[in-house]
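The values are calculated or read from the model by the stated rules, or taken from the named source; none is laboratory data. In this text, all values refer to a predicted model and were calculated from it rather than measured experimentally. Neighbour counts are summed over all protein chains in view; Cβ atoms, including those assigned to glycine, are modelled from backbone coordinates with ideal geometry. What goes into the accessible areas is simple: the full protein's heavy atoms, side chains included, and nothing from ligands, DNA or RNA. Shrake-Rupley method; radii C 1.70, N 1.55, O 1.52, S 1.80 Å.
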Amino acid sequence: MTARAENAKTLAALLGVGEAAAVELLLGPVVVTGDAPGHAFATELTHILERTIESVVTDVRLDARLEIVVGNASARIPGVRHLHVGFTDCGLRLDHKVIEVSRDAPQGHAVFATIGACFAAAAAVNIVVDGAVPQARPLPFEINNDDFLRAQDVDLETALEIGTAHLAGGGAIGNAFLWSLRRFDVRGTLYIADPDDVSAGNLNRCLWFTSADIGEPKANRLAAAAATSFPNLNLIPRRDVLHALQDKANPKWLERLIVGVDSRRARRALQAECPREVFDSSTTGIEEVVLHFNKQPSQVACMSCIYFEDAREQAHEEHVAESLGVTLDEVRANFVSAVAAKRIITNYPTLKVADIIGLAYDSLFKALCGEGVLRTKAGRDVLAPFAFVSVLAGALLAVEFVRRARTGRIAEPFNYWRVSPWGPPVTRLKATRDRRERCQFCGDEVYAGVVRQLWG
Ligand SMILES: [Zn+2]
């Protein structure tokens with residue numbers, strides 16, 4: 001499946017339209033017009049938006065579906081729809097109309113350009129589809145930099161020594177995490193673990209990857225692409241699951257775990273590795289970002305409390321197993337085995353065994369699903385989010401990682417936050433979630449003993 005097909009499936013499900021109509025809507029062109037002070041933001045926005053909209057250009061196109069005007073620039077294309085992005089003293093403002101802003105309004109730390117660009121990209125996509133995205137809040141609204149990080153509270157400039165940390169997942173969130181982390185002077189060693197290879201469909205949301213990376217291991221390509229941006233951080237890729245990086249000689253091998261994997265089940269498995277610190281970010285459905293943090297031993301929620309096994313997850317796995325003709329346990333193993341592949345092709349004779357071994361079940365299911373199925377709950381669970389949703393997840397993860405690694409207060413000032421790029425961030429949703437009763441990790445005496453021994 002190509003990046004274009006991934007985006008079309010997602011938009012079709014979001015709007016309830018056919019995939020052909022969705023492809024058409026995502027063609028563009030969208031024109032980005034910026035002045036000199038807005039150049040960095042315009043570049044970032046273009047880079048993110050062109051993962052979703054086929055044609056994002058800076059030259060004047062009279063057939064533009066939308067012109068995005070950044071900073072104090074003047075619109076160049078009359079008679080088309082406009083999205084204005086203005087820099088204010090607090091952050092940025094998104095509006096259909098021209099925004100009067102002071103010429104020298106500060107744009108804040110460089111990482112805010114990435115965060116702000118995700119909100120601007122969401123607003124742009126909603127305008128392109130005639131305001132049909134159900135989750136989108138009407139313009140104008142403002143994105144306040146202090147909603148994410150009060151620069152006066154945390155030192156963002158001096159070097160930050162992170163020791164040895166591990167990143168689980170080299171996909172969309174892992175890409176965006178490093179894309180944003182390079183804005184800080186981070187030092188130490190970061191292992192990147194991902195057993196998967198880059199596929200054509202991944203290109204719709206992985207910022208560092210290009211078509212030249214298809215078929216190559218995600219972890220290796222991510223480390224190679226990001227390396228020049230991190231002169232003081234040693235990036236070590238491993239084409240494997242995190243568990244395989246276990247250091248038997250050092251029980252305290254997993255001090256700092258950054259999580260960007262793609263399922264609830266995988267997150268629970270990572271918590272069971274007993275990391276001391278967890279920095280986690282995910283996308284729910286296709287429209288929202290969830291952030292979670294914990295430090296063991298802990299009296300508040302762990303990652304398994306947040307991503308407990310729910311009825312929806314079970315129903316989804318049962319549906320995938322039934323559709324493909326495999327067992328539930330095989331689906332829960334996440335990747336298609338040789339034995340399962342043989343069974344699947346008896347139901348889908350057009351497939352070849354060699355092509356589907358090692359594929360994630362959700363990817364295979366998504367490729368085989370028609371439009372009707374993808375609009376059901378089981379179908380929506382496998383849709384890939386748009387780039388700006390995953391990038392927001394990775395960017396906020398980087399900001400919170402730097403903040404919390406600097407202060408040492410890993411689960412503070414909140415351990416849970418949901419953010420949607422389709423509207424202004426809601427800071428009152430920042431919460432400290434309690435432990436869940438009967439959590440399979442923190443409710444288990446064996447794990448509790450291991451945690452006390454390791455980190456107590
Ligand atoms: Zn728990």
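Could you pull out every one of the strands (runs of 3 or more DSSP E) wholly within the range 128-210 that has 2 or more residues that are assigned by TED's automatic domain parsing to the domain that holds ALA226?
160-168, 186-193
So which residues in the range 429-443 are exposed (fewer than 15 other Cβ atoms within 10 Å of the Cβ) and more than 15 Å from the ligand (Cβ to nearest atom)?
Selection gives LEU429, ALA431.
Please go through (1) in the same structural domain as GLY260 (by TED's automatic domain parsing); (2) at pLDDT below 95; (3) away from the ligand (no atom under 16 Å from the Cβ) for ARG409 and return the number of the only condition it doesn't satisfy.
Unmet for ARG409, out of (1) in the same structural domain as GLY260 (by TED's automatic domain parsing); (2) at pLDDT below 95; (3) away from the ligand (no atom under 16 Å from the Cβ): (2).
Please state which of the following conditions LEU359 fails to meet, knowing it meets all the rest: (1) touching a residue at least 40 places away in the same chain (Cβ under 8 Å); (2) within 23 Å of the chain's Cα centre (by Cα).
If we test LEU359 against (1) touching a residue at least 40 places away in the same chain (Cβ under 8 Å); (2) within 23 Å of the chain's Cα centre (by Cα), just (1) comes out false.
For ALA40, indicate whether it is within 23 Å of the chain's Cα centre (by Cα), at pLDDT below 90 and in the same structural domain as HIS82 (by TED's automatic domain parsing).
Against the criterion (within 23 Å of the chain's Cα centre (by Cα), at pLDDT below 90 and in the same structural domain as HIS82 (by TED's automatic domain parsing)), ALA40 does not qualify.
List, please: which pairs have Cβ atoms under 9 Å, are six or more places apart or on different chains, and start with a residue in the range 247-275 that is surrounded by 18 or more Cβ atoms within 10 Å (Cβ to Cβ) and end with one that is among the basic types (Lys, Arg) and in a loop (DSSP other than H, G, I, E, B)?
Every condition considered, the pairs that remain are LEU254/ARG276; ARG256/ARG276; LEU257/ARG276.
Among the residues of the range 295-310, is any open to solvent by less than 40 Å² (accessible area, probe 1.4 Å) and more than 16 Å from the ligand (Cβ to nearest atom)?
no
Given LEU328, LEU324, LEU351, which one is among the aliphatic types (A, V, I, L, M) and surrounded by 19 or more Cβ atoms within 10 Å (Cβ to Cβ)?
Exactly one of LEU328, LEU324, LEU351 is among the aliphatic types (A, V, I, L, M) and surrounded by 19 or more Cβ atoms within 10 Å (Cβ to Cβ), namely LEU324.
Do the conditions hold for VAL331, that is, is it within 16 Å of ASN415 (Cβ to Cβ) and among the aliphatic types (A, V, I, L, M)?
When the stated conditions are applied, VAL331 does not pass them.
From ALA117, ALA172, ALA122, ALA176, grab the single residue that is crowded, with 20+ Cβ neighbours inside 10 Å and touching a Phe, Trp or Tyr at 6+ places or on another chain (Cβ under 6 Å).
None of the other options fit; the residue is ALA122.
Could you check how many residues of the range 75-99 are touching a strand residue (DSSP E or B) at 6+ places or on another chain (Cβ under 8 Å) and not in a strand (DSSP E or B)?
Within the range 75-99, residues that are touching a strand residue (DSSP E or B) at 6+ places or on another chain (Cβ under 8 Å) and not in a strand (DSSP E or B) number 11.
Give me the pairs: first residue in the range 304-319 and within 12 Å of VAL382 (Cα to Cα), second residue charged (D, E, K, R) and more than 16 Å from the ligand (Cβ to nearest atom), beta-carbon distance under 9 Å, and six or more apart or on different chains, which are they?
Correct list of pairs: GLU313/ASP381; HIS316/ASP362; HIS316/LYS377; HIS316/ASP381; GLU317/ARG332; HIS319/LYS377; HIS319/ASP381.
Residues PHE209, PHE293: which one is hydrophobic (A, V, I, L, M, F, W, C), more than 18 Å from ALA333 (Cα to Cα) and in contact (Cβ under 8 Å) with a residue 60 or more places away in the chain?
PHE293
Quick check on my filter: what residues within the range 396-408 are open to solvent by 10 Å² or more (accessible area, probe 1.4 Å) and touching a residue at least 60 places away in the same chain (Cβ under 8 Å)?
ARG403, ALA405, ARG406, THR407, listed by residue number.
Quick one: which residue in LEU203, LEU160, LEU149, LEU139 is surrounded by fewer than 22 Cβ atoms within 10 Å (Cβ to Cβ) and in contact with a His (Cβ under 7 Å, 6 or more places away or on another chain)?
LEU139
Could you check the range 412-428 and list, in sequence order, the residues that are in a loop (DSSP other than H, G, I, E, B) and more than 16 Å from the ligand (Cβ to nearest atom)?
Of everything in the range 412-428, those that are in a loop (DSSP other than H, G, I, E, B) and more than 16 Å from the ligand (Cβ to nearest atom) turn out to be GLU412, PRO413, PHE414, SER420, PRO421, TRP422, GLY423, PRO424, PRO425, VAL426.
Only one of these is under 25 Å from the mean Cα position of the chain (by Cα) and either farther than 30 Å from THR114 by Cα or open to solvent by 30 Å² or more (accessible area, probe 1.4 Å) (or both): VAL446, VAL451, VAL426, VAL419. Name it.
Going through VAL446, VAL451, VAL426, VAL419 in turn, just one is under 25 Å from the mean Cα position of the chain (by Cα) and either farther than 30 Å from THR114 by Cα or open to solvent by 30 Å² or more (accessible area, probe 1.4 Å) (or both): VAL426.
Would you confirm, using the coordinates I've provided, whether ALA165 is touching a strand residue (DSSP E or B) at 6+ places or on another chain (Cβ under 6 Å) and surrounded by fewer than 24 Cβ atoms within 10 Å (Cβ to Cβ)?
When the stated conditions are applied, ALA165 passes them.
Going by the conditions given, is ARG452 within 16 Å of the ligand (Cβ to nearest atom), at pLDDT 95 or above and in contact with a helix residue (DSSP H, G or I) (Cβ under 9 Å, 6 or more places away or on another chain)?
no
Just a yes or no: is a residue in the range 69-82 among the hydroxyl-bearing types (Ser, Thr, Tyr) and more than 25 Å from VAL23 (Cα to Cα)?
yes
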